[in-house]
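Student: Encoded as structure tokens, here's the structure I'll be asking about.
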Amino acid sequence: MTQHYNLPDERGHFGPYGGKFVAETLMQPIQELEEAYHRYLQDAEFIAELDADLQHYVGRPSPLYHAERWSEALGGAQIYLKREDLNHTGAHKINNTIGQALLAKRMGKTRIIAETGAGQHGVATATVAARLGLECVVYMGAVDVQRQSLNVYRMKLLGAKVVAVESGSKTLKDALNEALRDWVTNVDNTFYIIGTVAGPHPYPAMVRDFQTIIGREAKQQCLAQTGRLPDALVACVGGGSNAIGLFHPFIDDASVKLYGVEAAGDGIATGRHSAPLCAGRPGVLHGNRTYLLEDEDGEIIETHSISAGLDYPGVGPEHAWLKDSGRAEYVNITDAEALAGFHDLTRMEGIIPALESSHALAYVTQLAPSMAKDSIIIVNLSGRGDKDIMTLAQHEGIEL
Amino acid sequence: MSRLTAKFSALAQSGRKALIPFITAGDPNPGFTVPMMHAMVAAGADIIELGVPFSDPMADGPVIQKASERALAHKMSLRRVLQLVVDFRRDDLQTPVVLMGYLNPIEAMGYEDFANAALRADVDGVLTVDLPPEEAVDCVSLLKARGIDPIFLLAPNSSEQRIQKMAQVGSGYIYYVSLKGVTGAGHLDTADVQEKLKLIRANTRLPVGIGFGVKDADTAKTIAALGDGVVVGSALISKIAAYPDDPERARLEIIELLESMRHAMDN
């Protein structure tokens, strides 16, 4: 790729992917959002407020940490962790919710809605809504409400109303459907904070732009610490916001390999997984064209992953394009492999990672040994694992 | 002239408005649909909107969501919906049939295969909720080349510019979504509808069917006075939901409701 990467086009397309596939009532609000997003991302005052919040409220920049002991043990590339787990609320999600909430305030919206799977995005949204004094409603699949009760309680403490969604498969995709239904009903006063690089244009581009702080910092930190660019970047991909945030500032650096890691669940061959880029095909869902897990009739099928944050049948359209163009490579990691990655990092570096991020870590254990000792991998440690302790204990048959 | 255009102009000449029932194909079971379509025609339906079930019906309220789930439980699919239209056409070559659904089943089938199959089934119009005209260029040209009307939605917050775009790209009729919300919502404001219709009329000569929020004979009559057709969906489908073990009773109540609407609209 020699020419400068500059997608999406003005209609929100990444090649054949992306776009605005929504019902007519949503065309006006997404148009309004697109105008606000273009205007404020050029606005010095907005950017200054965002930067100040990221520094003083979120705690940025997040460190780039050389995991020397783990690198030594794997016997190959030097591994650096981008510590998004150290952000306020414990994951990268807040980079985006801060940005969108500031936009909502500028646009005069008084009510915030969001969808959430594991609850991390819901918590990050409830957090910024509390801080800005905005009404907040979070949609969450009834199944996820059951398995992530801790985050449900956190959201309620923060003053958000959590609505358990009983339709369809009662998981993240259904929460997204329900949030879209709320938005269509309350378009005048409501701002929909989508948590990942999916949805209709401008969401995939806008969420990416708020998340690229990850890659911009990582690039600068890597140059400062090692004097050169990394050889490879690794990040987990559910919707794909932490991955695109890390990848995007490096897309024009052809020497840097990009690896997105999808959740293979019980294994791709079992059909019980969440890996649309590895095992799906293009279709249209939730406002954009992208790779989907669907049956032969185009009905969306249920997904599986031990990590609720990766349990989604679609993926951001920019990842679909990066796959087709060959710029990024998408691989997959099973539940069992992710758990092994989780334990490795915990015991070797004293860092408890989120199960989502553990998929990226598990791939690093495969990749690093094949690389020279003076090569560099940056892996996005997108969240901390505290929220997963119950799931883990249950999985390992331990009663707490 | 397409069947839809002919139907609307015949209705206009006799000073009547189109009654357009919507049911989800395959709900509550695949055998229910074709006899129900014929019964609706007998009860005074002018056009039938046949819902293609989808796993993620983002623009629909709970009533039509559940209808989709019931139909999908019977493995209803776009191909099988098209077969139901073929079956319907064995006994009815007059009544226009419009398929209404979401884009992904059409994407999965392939636009050209779908357009060919819709032509073979003698479908008259296709309304795809999540396919706005900006993204519809390929699909629309394939449909129009086969004489099938692409039908688009307009909403209370559609700008005049968008009304003009729909007028240009769409044919058959325009479906005006009478409120900001999902199907079956209950906050219809007729003054708002009347105001918006003026703007739509000023920009297109296409007939306008009005839907979302039509519940009974009274709302049907009120809405009929404002547009060229009245679409009723959730109110009918809620009868199917009310009698899960007695589809025959649901059928009778649907007919009764349609007849009362027809009567109110014509008098």
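Student: Rounded to whole Hz and in sequence order, give me ³J(HN,Hα) for the range B:22-32 from the Karplus expression 6.51 cos²θ - 1.76 cosθ + 1.60, θ = phi - 60°, writing x for Gly and Pro.
Tutor: 10, 10, 8, 4, x, 9, x, 8, x, x, 6
Student: Same structure, new question: By counting other Cβ atoms within 10 Å of each Cβ, how are B:47, A:376 ranked from fewest to most?
Tutor: Values: B:47 27, A:376 22.
Arranged by neighbour count, lowest to highest, B:47, A:376 become A:376, B:47.
Student: Take every residue in peptide B:127-134, count the Cβ atoms of other chains within 10 Å of its Cβ, and give the average of those counts.
Tutor: On the way: counts 0, 3, 4, 12, 5, 9, 2, 6.
The mean count of partner-chain Cβ atoms within 10 Å per residue comes to 5.
Student: Once Lys and Arg get +1 and Asp and Glu get -1 on their Cβ, which of A:101, A:90, A:66 lies farthest toward the positive end of the dipole of the range A:62-155?
Tutor: Of the candidates, A:101 comes out farthest on the positive side.
Student: At q = 0.17 Å⁻¹, work out log10 I(q)/I(0) for the range B:1-154 with the Debye formula, treating every Cα as an identical point scatterer and leaving solvent out; two decimals please.
Tutor: Once normalised to I(0) and log-transformed, intensities are -0.99.
Student: Once a ≥ b ≥ c are taken as the square roots of the eigenvalues of the Cα gyration tensor of chain A, is the result rounded (a/c under 1.5), prolate (a/b larger than b/c) or oblate (a/b not larger than b/c)?
Tutor: Numbers: a/c = 1.35, a/b = 1.24, b/c = 1.09.
Taking the square roots of the gyration eigenvalues as a ≥ b ≥ c, chain A is rounded.
Student: Mind putting a number on the dipole of the range A:311-355 about its Cα centre? Charges go on the C-beta only, +1 for Lys and Arg and -1 for Asp and Glu, and I need it in Debye to the nearest 20.
Tutor: Numbers: 3 positive and 8 negative charges, 17 e Å.
Approximately 80 debye in magnitude.
Student: Still on this structure: Report relative contact order for chain A in percent, whole number only (criteria: Cα-Cα under 8 Å, sequence separation at least 6). Show your work: numbers first, answer last.
Tutor: Numbers: 872 pairs, mean separation 83.0, N = 400.
So the answer I get is 21 percent.
Student: Under unit Cβ charges (Lys, Arg +1; Asp, Glu -1), what dipole magnitude, rounded to 20 debye, does chain A have relative to its Cα centre? Could the numbers behind the result be given before it?
Tutor: On the way: 34 positive and 50 negative charges, 160 e Å.
Taking the Cα centre of chain A as origin, the dipole is about 760 debye.
Student: Ranking request for peptides B:241-247, A:35-41, B:114-120: highest mean number of other beta-carbon atoms within 10 Å first, then the rest in descending order.
Tutor: Details: B:241-247: 12.9, A:35-41: 16.6, B:114-120: 18.9.
Descending mean neighbour count gives B:114-120, A:35-41, B:241-247.
Student: Out of the DSSP beta bridges found with both residues in the protein assembly as shown, what percent are antiparallel (nearest 5)? Provide the component values of the computation, followed by the final result.
Tutor: Numbers: 17 of 79 bridges.
Just about 20 percent of them are antiparallel.
Student: A follow-up question, please. Given a Förster distance of 22 Å, report the FRET efficiency between residue A:44 and residue A:216 from their Cβ-Cβ distance, rounded to the nearest 0.05.
Tutor: Here the calculated transfer efficiency is 0.80.
Student: Continuing with this model, one more query. Rounded, prolate or oblate: which one fits the range A:281-400, using the alpha carbon gyration tensor with axes a ≥ b ≥ c (rounded when a/c is under 1.5, else prolate when a/b beats b/c, else oblate)?
Tutor: On the way: a/c = 2.55, a/b = 1.30, b/c = 1.96.
Oblate, since a/c reaches 1.5 and b/c is not below a/b.
Student: Using packing as a proxy for protection, rank A:77-84, A:196-203 so that the peptide with the highest average count of other Cβ atoms within 10 Å comes first.
Tutor: A:196-203, A:77-84
Student: So for chain A: antiparallel DSSP bridges make up what percent, rounded to the nearest 5?
Tutor: Working: 17 of 52 bridges.
Taking every DSSP beta bridge within chain A, about 35 percent pair in antiparallel fashion.
Student: Using a 10 Å cut-off on Cβ to Cβ distances, tally the other chain neighbours for every residue of A:297-304 and report the average as a whole number.
Tutor: Values: counts 15, 14, 13, 4, 1, 1, 0, 0.
The per-residue average across the peptide is 6.
Student: Could you work out how far apart the two model spin labels at residue A:31 and residue B:218 are, taking each label as a point 7 Å from the Cα in the direction of the beta carbon, and quote it in nm?
Tutor: Output for this residue pair reads 3.5 nm.
Student: Using Cα positions and a limit of under 20 Å, work out the aspartates and glutamates in reach of residue B:144, with same-chain residues fewer than 8 apart set aside.
Tutor: The reachable aspartates and glutamates, counting only those whose Cα sits under 20 Å from residue B:144, are B:49, B:107, B:112, B:113, B:122, B:124, B:130, B:134, B:135.
Student: Separate question: Would the protein assembly as shown count as rounded, prolate or oblate if I go by the C-alpha gyration tensor, calling it rounded below 1.5 in a/c and otherwise prolate when a/b exceeds b/c, oblate otherwise?
Tutor: Details: a/c = 2.10, a/b = 1.95, b/c = 1.08.
It comes out prolate by the Cα gyration axes.
Student: Read phi for every residue in the range B:106-116 and hand back ³J(HN,Hα) as whole Hz from Karplus 6.51 cos²θ - 1.76 cosθ + 1.60, θ = phi - 60°, with x for Gly and Pro.
Tutor: Using θ = phi - 60°, the values come out as 6, 4, 5, 7, x, 4, 6, 4, 5, 4, 5 Hz.
Student: What are the aspartates and glutamates whose alpha-carbon lies under 13 Å from the alpha-carbon of residue A:219, with same-chain residues fewer than 8 places away excluded?
Tutor: A:231, A:252, A:253
Student: Also: Which of B:27, B:218, B:138 ends up with the largest GNM mean-square fluctuation for chain B, with Cα atoms connected below 10 Å?
Tutor: Judging by the Gaussian network model, the answer is B:138.
Student: In the Gaussian network model of chain B, springs joining C-alpha atoms below 10 Å, which of B:199, B:226, B:127 carries the largest mean-square fluctuation?
Tutor: Ranking B:199, B:226, B:127 by mean-square fluctuation puts B:199 first.
Student: If you don't mind, there's one more thing I want to ask. Exposure proxy check: A:121, B:263 ranked by fewest other beta carbons within 10 Å? Let's see the in-between values first.
Tutor: Details: A:121 31, B:263 13.
Ordered from fewest to most neighbouring Cβ atoms within 10 Å, A:121, B:263 come out as B:263, A:121.
Student: Got a sec? Charge dipole of chain B, +1 on Cβ for Lys and Arg, -1 for Asp and Glu; which of B:106, B:131, B:20 is way out at the positive end?
Tutor: Toward the positive end, the furthest listed residue is B:20.
Student: What's the average, rounded to a whole number, of partner chain beta-carbon atoms within 10 Å of each residue's beta-carbon in B:154-164?
Tutor: Numbers: counts 2, 8, 4, 10, 4, 3, 0, 0, 4, 0, 0.
Per residue, the number of nearby Cβ atoms from other chains is 3 on average.
Student: Taking the Cα centre as origin and putting +1 on Lys and Arg beta-carbons and -1 on Asp and Glu beta-carbons, what dipole magnitude results for chain B, to the nearest 20 debye? All intermediate terms of the calculation are to be shown ahead of the outcome.
Tutor: Working: 27 positive and 33 negative charges, 101 e Å.
So the magnitude is around 480 debye.
Student: May I pose another question? Roughly how many whole Å is it from the C-alpha centroid of the range B:102-149 to that of the range A:369-384?
Tutor: Result: 47 Å between the Cα centres.
Student: Using only Cα positions of the range B:3-266, each an equal point scatterer, no hydration layer, compute I(q)/I(0) via Debye at q = 0.07, 0.09 Å⁻¹ and quote the log10 values to two decimals.
Tutor: -0.21, -0.35
Student: Moving on to the next point. Of A:161/B:75; A:82/A:387; B:7/B:198; A:93/A:156; A:20/A:156, which sit over 27 Å apart, Cα to Cα? Can you show the working numbers first?
Tutor: Numbers: A:161/B:75 36 Å; A:82/A:387 19 Å; B:7/B:198 23 Å; A:93/A:156 18 Å; A:20/A:156 33 Å.
Listed pairs above 27 Å: A:161/B:75; A:20/A:156.
Student: Please find the FRET efficiency linking residue A:149 to residue B:263, where r is the Cβ-Cβ separation and R0 is fixed at 51 Å, and quote it to the nearest 0.05. Don't skip to the end; give the middle numbers.
Tutor: Details: r = 53 Å, r/R0 = 1.05.
According to the calculation, E is roughly 0.45.
Student: Follow-up question, since we're still on this one. Apply the Karplus curve 6.51 cos²θ - 1.76 cosθ + 1.60, θ = phi - 60°, to the phi angles in the range B:132-143 and return the couplings in whole Hz, x for Gly and Pro.
Tutor: Listing the rounded values in order: x, x, 4, 9, 9, 3, 5, 5, 4, 5, 5, 5 Hz.
Student: Using modelled amide H (1.01 Å from N, peptide plane; none on Pro or chain starts), what sits under 5 Å from the amide H of residue A:287, excluding residues fewer than 5 places away?
Tutor: A:21
Rule-based calculations on the coordinates, nothing more; no lab input. Note that the structure is predicted; figures quoted are calculated from it, not measured. Glycine also receives a Cβ, built like all others from the backbone with ideal geometry; neighbour counts cover every protein chain displayed.
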